[in-house]
Amino acid sequence: MQQLMSYMRSAMEKYNMISDGDRIAVGVSGGKDSLALLCALSEMRQFYGVRYNLVAVTIDMQFNGKPGDFSEITELCRRLGVKHVIRPSNLYELIFEQRREKNPCSLCAKMRRGMLHDEAKNQGCGKVALGHHLDDAVQTFYMNLFLGGRIDCFAPVSYLSRRELYLIRPMVFAYERDVARAARSLHLPVKAEACPMGHTSQRAQMAKKIEDLEKEFGPLRQKTINALQKSGIRGW
């Protein structure tokens, strides 16, 4: 956990992610990334140097038409002293059963983000913290390059002017392995992967390709993050 918080502090200070008095909605899906982010941000309130409040927001996909069981996450939030808001949705039914999308990930992510942003505003939050880590950033960069033919990546900090919300990604300097290690050490109630695309998505395939490339070219992920920072793309 200490290693994860060290990476997070570096990113938070470099990109000025959190200011005194901020009220931050943390997108909590139930996966290891979002839960580790929530716990780390909660712990860092004790020593980071600025005062901020957290609200955990979960968008319930209601897989197979059934509400998800987030009771363990709610209990974790209670122990952390963080409000937990669960917003039901019909996204699974809409995307997988009604529209039968062949490539549902992009649409699903867009709609979930929209609901998360709406709920953040409902809760009086001016910022939304997302659990994307270094591996996610690298995968996004190469997916844009190989599949979209463009040089792009998500930003460490971005502003949504239409919603008057900042999106922050405090874990962009942390490797996935560090996030996973923190989740294990804290015995977090990580929910099993319920999405039918979880292990076959383009992101999962890209992660495997990057892993293979690193066997030949060395630390490609760190080189890519360094290149993003040197280029200044999207405020990196």
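The values are calculated or read from the model by the stated rules, or taken from the named source; none is laboratory data. Remember, predicted model here, so these are calculated numbers, not experimental data. Positions of Cβ are generated from backbone atoms using ideal geometry, with glycine treated the same way; all protein chains shown enter the neighbour counts.
Could you check, for the range 15-30, whether at least one of its residues is surrounded by fewer than 19 Cβ atoms within 10 Å (Cβ to Cβ) and over 19 Å from Cys125 (Cβ atoms)? Reasoning before the result, please.
Pass one, the range 15-30, residues surrounded by fewer than 19 Cβ atoms within 10 Å (Cβ to Cβ): 15-16, 19-23.
Filter once more, so that each one left must be over 19 Å from Cys125 (Cβ atoms): none.
The answer is no, given that none of the residues of the range 15-30 is surrounded by fewer than 19 Cβ atoms within 10 Å (Cβ to Cβ) and over 19 Å from Cys125 (Cβ atoms).
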Search result, residues across the range 87-135 that are modelled with pLDDT under 95, part of a loop (DSSP other than H, G, I, E, B) and either under 21 Å from Lys66 (Cβ atoms) or touching a helix residue (DSSP H, G or I) at 6+ places or on another chain (Cβ under 6 Å) (or both) = Ser89, Asn90, Arg99, Arg100, Glu101, Pro104
query = Considering Ser6, Ser42, Ser10, Ser34, which residue is surrounded by fewer than 19 Cβ atoms within 10 Å (Cβ to Cβ), in a helix (DSSP H, G or I) and in contact with a Gly (Cβ under 8 Å, 6 or more places away or on another chain)?
reply = Ser42
ask   = Among the residues of the range 130-154, how many are hydrophobic (A, V, I, L, M, F, W, C) and within 12 Å of the chain's Cα centre (by Cα)?
value = 4
ask   = Mind checking which residues of the range 58-73 are surrounded by 15 or more Cβ atoms within 10 Å (Cβ to Cβ) and modelled with pLDDT of 80 or more?
value = Thr58, Ile59, Asp60, Met61, Gly68, Phe70, Ile73
query = Does Pro156 satisfy the condition of being over 19 Å from Ser29 (Cα atoms) and modelled with pLDDT of 95 or more?
reply = yes
